[in-house]
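Below is one structure, written out as structure tokens; the observations come after it.
Since every read-out is calculated from the coordinates, none of them should be taken as a lab result. Owing to the predicted nature of the structure, the values given are computational and were not obtained by experimental measurement. Here the Cβ is made from the backbone with ideal geometry for all residues, glycine too, and neighbour counts use every protein chain on show.
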Amino acid sequence: MRNWWIVLLALALLAGTGDVFAQKAKKNLPQKQPAPKASSKESPASPETKARTPGPGKGMLDIDVTDVLGRDLHARVVLQSARGKDPVVIDVPKGRVQAEAPPGTYKAYTSVYCLQVPVLIDVQDVVVKPGASAFLLVNLLEGAAGSRTLLDFDQDCDFALDRVEAKCGTDPRSAASIPGRETLPMDERVFEKKEGWYRGELHAHSSFGSGKETVEALVRRAEKAGLDFLAITDRNTMAACKDPGFKSNSVALIPALEWGSDKRGVALIYGARTFPPFVDSIPQAQALVDLIQAQGGFFGIAHPCFPTAPWQWGLGYVNGIEVWCRDWRAVPPMTLDQLGEDLKERVDAKLKQSIAYAAASTDLSANGQASIFYDAELVRGLKAAVIAGSSTSSPEVPMGQPVTYVFANEKSIKGILGGMRRGRTYVSASLTGPKLHFSADVLKDQTIDVSLGGIIPLGVPVRFIAQVENAKGKDVQILLNGHPLISKSAEGDPFTLQFDDVPQNYAEYRLRVTGIPAKEGFGPTEVLAMSSPIYSQDLDLPNPKVKAFKKQKAKEAAPPALEIPPFSNPATGEIKPKVLM
């Protein structure tokens, strides 16, 4: 049993250093769980802690992970060998375990679970010898008392305590610098110092994944096509970004991967600065989204309604959704029976989950269903960009069909990712397909106030302006919450469509161009282009014109002031105002 004075000293240290660390909000993670009851070290040994003899050629590692109050902590230990061998992962569900390990010298990275997410709390050297026992003792100070969780002691949101980062020599202010994890290279060059629309391919596969081409061949194809950016997204590997052929003087090459599995669905991760490991729970997947955010990257759901890999992660927040992969009408729809039972929940006989709602629309293509899923998530409050990709894996599948356009402050990896994260995107059928411009004039004073990804206030007149190129004879639609609000045939090129509205509720407005299908496929409509939304939301804008307008409207809507006649004193004839008590 630990000495009582050690506990008191630790609590004093905790109280004295608590204000040093910055507070952080982790809205996407589950609520804090109650602390486990303290367990006595003098209780009878569990089967996990009884003395064991290691097998032939093995050593034994005794692990003991507690906080300063003596409570056992659910932990995970990763043993990394200096020789580059695959790490040894040991789960410690009850704070103590005896585990076999191959002999060797290791760095032991110990994480404990906070809100169901592992947080790195200790790194130390461990030597495991054949036929002998080594010991790994970890005693955690942070988060043992008070209202703070371990996440409050991690200022850069990389799920490694600042104290541990300082000890290991990584930067506690940079989420790209994490103990025990390699920082991936990122090209910092600026290809064009000009604000504007840039176009690229966000879903391509090389020979490191399911593709037939080398990385260099893919890059040459992107250059020849005149693309501004390219992401090679091989499944669960980022080997492409380390390949010698991953370089270009005209195309911004975004480090990326396709993350996940067919069983639960896949995501497209762009700009990760450390390799995103596969996880097996929704809280840990949401924590991965947060880490990618902290690293300046982008986490997007990939083709959510493809029947081969329907999206079943149920995350509360992502940066974007790939609503268009391959030809719009080429991929068959998914069905409800391809989803887990937990996603088919109904409330008042209506499907509750967005992915199930989309799956119930079986008369569309998989991309058509993805558009329904996207709008359903936006209506629920998600703010996410629309993206697209060809999923090309050979020269037979052209790049940029469909293509993603991003409005960026410069042509660079950082600039492109920044535009994507702000939702300033639209997608088109090809490099020669429709080009979109969608903006909003708040108060209709002939000033453009908001464009894609922006927010307009409620209760204020707004003029939406849609300008479309390369769409003559096609239908141009302004969508409200996924449904056509206004639709007109493009009579010329370019074509401008204006629409006035006074938003009263939270909503999302998007622009779409459609046409009549020219060949066989799934669904009755051929989508040619679509944009990310402009959102309407109740917010207090700093715009003085909006403030003045709302103030005047409030004044006009207020009831008239009550006029009280004066009171005359009959004795003196003095007139005084009447006082109401």
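Return the calculated 222 nm mean residue ellipticity for the chain, to the nearest 500 deg cm²/dmol, obtained by summing -39500 (n - 2.57) across DSSP H runs with n ≥ 4 and dividing by the residue count.
Value at 222 nm, helices only: -4500 deg cm²/dmol.
Once Rh is set to the Kirkwood radius over Cα pairs, what Stokes-Einstein translational diffusion coefficient, in µm²/s, holds for region 161-282 at a temperature of 4 °C and a viscosity of 1.567 mPa s?
Numbers: Rh = 15.9 Å.
Value of D from the Cα-based Kirkwood radius: 82 µm²/s.
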Where the centre of each part is set by its Cα atoms, how far does region 248-262 sit from region 220-239, in angstrom?
6
Distance between region 342-384 and region 487-541 - C-alpha centres, whole angstrom
19
With x for Gly and Pro, the residue-by-residue ³J(HN,Hα) of region 415-424, computed from phi through the Karplus equation 6.51 cos²θ - 1.76 cosθ + 1.60 at θ = phi - 60° and given in whole Hz, is x, 5, 4, x, x, 5, 5, 7, x, 9
Show the residues, 5+ positions off or on another chain, whose built amide H is closer than 5 Å to the amide H of I486.
I478
Reported to two decimal places, what Rg/Rh ratio describes region 123-200 when computed on Cα atoms with Rh from the Kirkwood expression?
1.20
To the nearest 0.05, what FRET efficiency results for D493 and S210 with a Förster distance of 35 Å applied to their C-beta separation?
0.35
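Using square roots of five times the C-alpha gyration tensor eigenvalues, list the equivalent-ellipsoid semi-axes of region 440-556 in whole Å, biggest first.
Details: eigenvalues 203, 41, 22 Å².
So the three semi-axes of region 440-556 are 32, 14, 10 Å.
Given the Cα atoms of the chain, and with Rh set as the inverse mean 1/r over their pairs in the Kirkwood sense, what is Rg to Rh to two decimals? Kindly include the intermediate steps, with their values, before the conclusion.
Working: Rg = 29.4 Å, Rh = 27.3 Å.
Rg/Rh: 1.08.
Local charge sum around A82 (other residues, Cβ-Cβ under 12 Å, Lys/Arg +1, Asp/Glu -1)?
Computed value for this residue: +2.
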Per 0.36 nm of contour for each residue apart, how much would the distance between V190 and A239 grow if the chain were fully extended, relative to their Cα-Cα spacing?
15.3 nm
Explain nothing, just the number: relative contact order of region 440-556, from Cα pairs under 8 Å at least 6 residues apart, as a whole percent.
28
Rounded to the nearest 5, the percent of antiparallel DSSP beta bridges in the chain equals 80
Using each residue's phi in region 284-293, evaluate 6.51 cos²θ - 1.76 cosθ + 1.60 at θ = phi - 60° and report the 3J(HN,Hα) Karplus result to the nearest Hz, with x for Gly and Pro.
6, 5, 5, 5, 5, 4, 4, 5, 4, 4
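Please sort 398-406, 142-150 by packing, taking for each peptide the average over its residues of neighbouring beta carbons within 10 angstrom, highest first.
Details: 398-406: 24.2, 142-150: 18.0.
Order by mean packing, descending: 398-406, 142-150.
Shape call for region 245-341 from the C-alpha gyration tensor, a ≥ b ≥ c root eigenvalues: rounded (a/c under 1.5), prolate (a/b greater than b/c) or oblate? Intermediate values should be presented prior to the final figure.
Values: a/c = 2.38, a/b = 1.28, b/c = 1.85.
Note, shape of region 245-341 comes out oblate.
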Ranked highest first by average number of other Cβ atoms within 10 Å, how do 308-319, 194-205 line up?
194-205, 308-319
Give me the percent relative contact order of the chain, please, defined on Cα pairs under 8 angstrom at least 6 residues apart.
9
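Below 8 Å between Cα atoms, with a sequence gap of 6+, how large is the relative contact order for region 73-147 in percent?
Details: 122 pairs, mean separation 19.9, N = 75.
Taking the mean separation of contacting Cα pairs over the length of region 73-147, I get 27 percent.
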Based on the alpha-carbon gyration tensor of region 310-444 and its eigenvalue square roots a ≥ b ≥ c, which shape applies: rounded if a/c is under 1.5, prolate if not and a/b is larger than b/c, or oblate?
oblate
Of A99, F464, S451, farthest towards positive along the dipole that unit charges on Lys, Arg, Asp, Glu beta carbons give the chain
A99
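Going by average Cβ density within 10 Å per residue, which order do the peptides 285-293, 521-529 take, highest to lowest?
On the way: 285-293: 22.6, 521-529: 19.6.
Packing proxy ranking, top to bottom: 285-293, 521-529.
Which of rounded, prolate, oblate describes region 180-219, given a ≥ b ≥ c as roots of the alpha-carbon gyration tensor eigenvalues and a/c under 1.5 marking rounded, otherwise prolate only if a/b is larger than b/c? Present the calculation step by step, with values, prior to reporting the outcome.
Working: a/c = 2.57, a/b = 1.28, b/c = 2.01.
The shape class here is oblate.
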